[in-house]
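Heads up, the thing below is written out as structure tokens.
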Amino acid sequence: MVRIIDRRFDSKNKSAVNRQRFMRRFKQQIRKAVSEAIQGRSIRDLENGEQVSIPARDLSEPSLHHGKGGIWEQVFAGNDQFSSGDLINRPLGGGAGGSGKGKASNEGEHEDDFVFQLSREEFLELFFEDLELPRLVRTQLAKVTDYKTQRAGFTSDGVPANINIIRSMRGALGRRLALGSPYAGRLRELQQQLDDALARDGEDSADVQALRDEIGLLRAKIDRIPFIDSFDLRYNNRIKVPRPTTQAVMFCLMDVSGSMDEERKSTAKRFFMLLYLFLTRSYEHIEVVFIRHHTVAKEVDEEEFFHSRESGGTVVSSALVLMRDILRERYANGQWNIYGAQASDGDNWDNDSPVCGKLLGNEILPWCQYFAYIEITAGEPQNLWREYMKIGGEHDNFAMQRIESPADIYPVFRELFKKTIT
């Protein structure tokens, strides 16, 4: 019998590797559980993780064993109802020895489903797995107020904490060699002359004494060369450089007129939350501009955008005019990827809808990477939808979809932002 013993040491990331292997194996079941979870939770809670259960039948492992082989018959004790060849009716669910589903029983055993917790990152990765931003182009790596420090050679000025000892000692050694080199050459010559004079004239010769005095002077000069000087000191030089980041701005336009009831407003809010979450996964820096409008448009913060109870008539062009003005004032320098999303029930003054079409087609879409319009209505398309249909074919960065109920939010979102096959 062959025995295989795994004697490898457990690495600190072994559990993470095992978890990824598990998720790849049961990806279909996990994806199905995530889709079901989306139906039952609010968009506001989308960033949380999810508890996923996998049926026990999907966890069963295949096994190989020896069969009896051949043709064989078996007699079961207590069989007084059937003979060979009789057909047996299918038993009803919930009987004893079942899989644990159906009616309760005092007999039989079963195995519970396997339950584990998906982290926030894992949940979002599955949620956005087959989606992408249309025309996702990083138009410019803009210089923003985010800096990083990096090495930039050496400098002769600095603080003691930044001194580079090796570089300083190397400079000091080079300086001593350069200053002492002429003396060292002369010293070798005098030493040779001294050896010759000692061999020829002896210790008491005047030439020997003179050579020794000159050698002493040269050695004194060499000793006076400082071991290290302030000129030799070198400091590590560090500079701050701008870190390139990708910037995007998202304009959220929502109709809060009297025809937009609370259910429609809630649907629009969920769509905006979903779009914002999607954008934050595609850009390092993102700004959001919230614009509410009825007869008058107003830029508000997120709290007022989602919770204000202000209402009124409907003039959609007021929101587009405000978006155009903000775009020109803040984001027309070419350093921003601009996205827009407009939610409305489509009900607008007849003479205002043509104005909206001109504003959107001529003054907004040329600046945008993508603009999505969703009409929240269960009836026939309204006049604003018909007006936008005229410019839909002229701009490939514009898309329209209709939402009739909250259940349509996710399918519509996937249709707007599905991957393009190239």
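The values are calculated or read from the model by the stated rules, or taken from the named source; none is laboratory data. Note that this is a predicted model, so its numbers are computed, not measured. Every residue, glycine among them, receives a Cβ derived from its backbone with ideal geometry; neighbour counts consider all protein chains shown. Surface accessibility is based on the protein's heavy atoms, side chains included, excluding ligands, DNA and RNA. Shrake-Rupley method; radii C 1.70, N 1.55, O 1.52, S 1.80 Å.
Restricting to the range 386-407, and then to whatever is open to solvent by less than 50 Å² (accessible area, probe 1.4 Å) and farther than 19 Å from MET323 by Cβ, can you tell me which residue is modelled with the highest pLDDT?
Kept after step one, since they are open to solvent by less than 50 Å² (accessible area, probe 1.4 Å), are these residues of the range 386-407: 387-388, 391-392, 395, 397-400, 403, 405.
Within this subset, residues satisfying the condition of being farther than 19 Å from MET323 by Cβ are 403, 405.
Details: ILE403: 86, SER405: 77.
My answer is ILE403.
When you look at LEU190, is it touching a residue at least 24 places away in the same chain (Cβ under 8 Å) and surrounded by 15 or more Cβ atoms within 10 Å (Cβ to Cβ), yes or no?
yes
Just need a number here: residues in the range 154-185 that are outside any strand (DSSP E or B) and touching a residue at least 40 places away in the same chain (Cβ under 8 Å). If you could, list the steps in order and put the result at the bottom.
Filtering the range 154-185 for residues outside any strand (DSSP E or B) gives 156-162, 164-185.
Within this subset, residues satisfying the condition of being touching a residue at least 40 places away in the same chain (Cβ under 8 Å) are 156-159, 162, 164, 167-169, 171-172, 175-176, 179-180.
Here the count works out to 15.
Show the residue pairs meeting these rules: Cβ distance below 6 Å; 6+ apart or different chains; first residue within the range 283-297 and within 18 Å of ASN351 (Cα to Cα); second residue hydrophobic (A, V, I, L, M, F, W, C) and outside any loop (DSSP other than H, G, I, E, B).
HIS293/ALA319; ALA297/ILE291; ALA297/ALA319; ALA297/LEU322
Starting from the range 336-363, keep only residues that are at positive phi, then list their pairs with residues that are buried (at least 24 other Cβ atoms within 10 Å of the Cβ) whose Cβ atoms are within a distance under 7 Å, requiring at least 6 positions of separation or different chains.
Short answer, once both residue conditions are applied: GLY346/LEU384.
Would you be able to say whether some residue in the range 123-141 is more than 30 Å from ASP396 (Cβ to Cβ), outside any loop (DSSP other than H, G, I, E, B) and either among the hydroxyl-bearing types (Ser, Thr, Tyr) or modelled with pLDDT of 85 or more (or both)?
Looking for residues that are more than 30 Å from ASP396 (Cβ to Cβ), outside any loop (DSSP other than H, G, I, E, B) and either among the hydroxyl-bearing types (Ser, Thr, Tyr) or modelled with pLDDT of 85 or more (or both), one finds none in the range 123-141, hence no.
Before we move on, is ARG270 more than 21 Å from LEU359 (Cβ to Cβ) and of a type in the set (Lys, Arg)? Write out each step before concluding.
Numbers: more than 21 Å from LEU359 (Cβ to Cβ): yes; of a type in the set (Lys, Arg): yes.
So ARG270 fits the description; yes.
Give GLY100, GLY174, GLY153, GLY180 a once-over and let me know the one that is under 45 Å from the mean Cα position of the chain (by Cα) and either at pLDDT 80 or above or under 30 Å from ILE228 (Cα atoms) (or both).
GLY153
Looking at the range 334-382, which of its residues are among the charged types (D, E, K, R) and closer than 17 Å to ILE286 by Cβ?
Passing the criteria: none in range.
Can you tell me which residue in the range 210-219 is surrounded by the fewest Cβ atoms within 10 Å (Cβ to Cβ), limited to those that are hydrophobic (A, V, I, L, M, F, W, C) and over 13 Å from LEU179 (Cα atoms)?
By that ranking, first place goes to LEU217.
What number goes with the only condition from (1) open to solvent by 70 Å² or more (accessible area, probe 1.4 Å); (2) within 30 Å of THR149 (Cβ to Cβ) that ASP207 does not pass?
Of everything listed in (1) open to solvent by 70 Å² or more (accessible area, probe 1.4 Å); (2) within 30 Å of THR149 (Cβ to Cβ), ASP207 misses just condition (2).
In the range 226-266, which residue that is free of Cβ contacts under 8 Å to residues at least 60 places away in the same chain and assigned to a loop (DSSP other than H, G, I, E, B) is least open to solvent (accessible area, probe 1.4 Å)?
VAL256
Just to confirm my filter: which helices (runs of 4 or more DSSP H) fall fully inside the range 275-364 and include at least 2 residues that are surrounded by fewer than 20 Cβ atoms within 10 Å (Cβ to Cβ), charged (D, E, K, R) and modelled with pLDDT of 90 or more?
317-330
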